[in-house]
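The values are calculated or read from the model by the stated rules, or taken from the named source; none is laboratory data. Everything numeric in this text was worked out from a predicted model, so none of it was measured. Cβ sites come from the backbone with ideal geometry, for glycine too, and all protein chains shown count toward neighbours.
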Amino acid sequence: MSGSRRLAGHNRIVVKIGSALLVEKGELKKDWLDALISDVVDLARGGAEMLIVSSGSIALGRGILGLPSGPLKLEESQAAAAAGQIALAKAYAEALGAHGRQAGQILLTLGDTEERRRYLNARATIGTLLKLGAIPIINENDSVATSEIRYGDNDRLAARVATMASADCLVLLSDIDGLYTAPPATDPDAVFLPEVPRITPEVEAMAGSAGSELSRGGMKTKIDAGKIATAAGTTMVITSGKAMHPLKKLDEGARCTWFPAIASTSSARKAWIGGHLEPRGEIRLDKGAVKALRSGKSLLPAGVTEVQGSFSRGDAVIMLDPDGRIIGRGLVAYDYDEARLIAGRNSREIETIVGYPGRAEMIHRDDLVLDDAHADENR
């Protein structure tokens, strides 16, 4: 049952906040934001790494620029986002700063999570911010995104961010407290579902599509987000964000719907790397590198003896042992020409060789999977 589930105990949590929760009549709901950030910081103090996917830039910018209510033209939406994003980032920085925490803003477009090279860049930025103790504040880059290159809702964006960051929990704060068998506002016989073990066509049929004036997403986009998240190993929960301290209330047993992960984030990601990406090249390793990989370490350039193929940064490559046997595959951090130049060299030499301070690893341990059944999980 959902009552037995808690946020506390999860290692990496993504919290998605809708516009209607954060902005009212073009004004930021500062007291609500301060209460939410207090919850976020409490979870962080308990050991969780926290990420926030926040809507609100267009709604806030609309008020700042004095734009009228009703539908906006594309250029008006982009202008509102440009103005609102500054105010939104400032509000998060101040709210977190009051607790001695730093915010780091990341603006994404569709390509940043769908194209491997940009995916790795965004993933690395998120990982570095978390390592430095900052809390990433993530939003779609509405000031430049057009209909062809946008998500259009932050529910699915939050699910993509959660999978990209290997989060084990995604919280969708909504204006509704969970999933019902029918829209409860129009159907008095609607039954609340505290847990959805698997998203079936029947579950999808329960999702309505209507959102609020400020929100582009209804329950349908939340179910779509659940399909993305749970398939990649991330447990998702939908709960109401209307009350103050919504995350604290969730942990205290507030009504919500849990969508348990189908697989762990590690196994889901490794299945994706191991079986769903076409390899674009081969990298042969020395015995020391093979041993290091099997003990759970990353592949460093020093352990590479030969590079073949035609690949770009972010492509999948096959890893071979000194005898040419396939030992696994991974997402390479360098283009072929650069990989060939730094093969066999110490990571400290990378900047001198390629002209910029590249990553120390040829393939990071989070981005590889070994074929050997006795190999370590590398996590």
Check: How do the pairs read when you match residues in segment 239-252 that are of a type in the set (Val, Ile, Thr) with residues anywhere that are surrounded by fewer than 17 Cβ atoms within 10 Å (Cβ to Cβ), using Cβ under 8 Å and keeping only pairs 6 or more apart or on different chains?
Finding: Thr239/Arg255
Item checked: Boolean, Gly18 is in contact (Cβ under 8 Å) with a residue 12 or more places away in the chain, more than 23 Å from Lys248 (Cα to Cα), crowded, with 17+ Cβ neighbours inside 10 Å and in the same structural domain as Glu252 (by TED's automatic domain parsing) -> no
Next item on the list: Looking at (1) over 25 Å from Leu132 (Cβ atoms); (2) in contact with a Leu (Cβ under 6 Å, 6 or more places away or on another chain), find the lone condition where Ala82 falls short.
Entry: (2)
Checklist line | Residue, modelled with the lowest pLDDT, within segment 131-157, restricted to residues that are farther than 21 Å from Val237 by Cβ and touching a Lys or Arg at 6+ places or on another chain (Cβ under 9 Å) | finding: Gly152
Next item on the list: Quickly run through segment 65-113 and pick out the residues that are touching an Asp or Glu at 6+ places or on another chain (Cβ under 8 Å) and part of a strand (DSSP E or B).
Entry: Leu107, Leu108
Check: Can we say Val354 is β-branched (Val, Ile, Thr) and modelled with pLDDT of 90 or more?
Finding: yes
Next item on the list: Could you please find all residues in segment 36-60 being more than 19 Å from Lys16 (Cα to Cα) and assigned to a helix (DSSP H, G or I)?
Entry: Arg45
Item checked: 1 or more residues in contact with a Leu (Cβ under 7 Å, 6 or more places away or on another chain) and surrounded by fewer than 19 Cβ atoms within 10 Å (Cβ to Cβ): qualifying strands (runs of 3 or more DSSP E) within segment 278-360 -> 281-285, 304-309, 326-331
Note to self: Can you go through Gly358, Gly309 and tell me which one is farther than 13 Å from Ile283 by Cβ, in the same structural domain as Arg284 (by TED's automatic domain parsing) and in contact with a Phe, Trp or Tyr (Cβ under 7 Å, 6 or more places away or on another chain)?
What the structure shows: Gly358
Check: Among the candidates Ala35, Ala44, which residue alone is touching a strand residue (DSSP E or B) at 6+ places or on another chain (Cβ under 7 Å), assigned by TED's automatic domain parsing to the domain that holds Asp153 and either surrounded by 16 or more Cβ atoms within 10 Å (Cβ to Cβ) or within 28 Å of Asn121 (Cβ to Cβ) (or both)?
Finding: Ala44
Notebook entry, point to check: So which of Lys25, Lys73, Lys29 is out of contact with any Gly (no Cβ under 6 Å at 6 or more places or on another chain), basic (Lys, Arg), in the same structural domain as Ala162 (by TED's automatic domain parsing) and at pLDDT 95 or above?
Noted result: Lys29
Note to self: I'm trying to understand the selection: among the residues of segment 49-76, which are surrounded by fewer than 20 Cβ atoms within 10 Å (Cβ to Cβ) and either of a type in the set (Ser, Thr, Tyr) or in contact (Cβ under 8 Å) with a residue 40 or more places away in the chain (or both)?
What the structure shows: Gly63, Ser69, Leu74
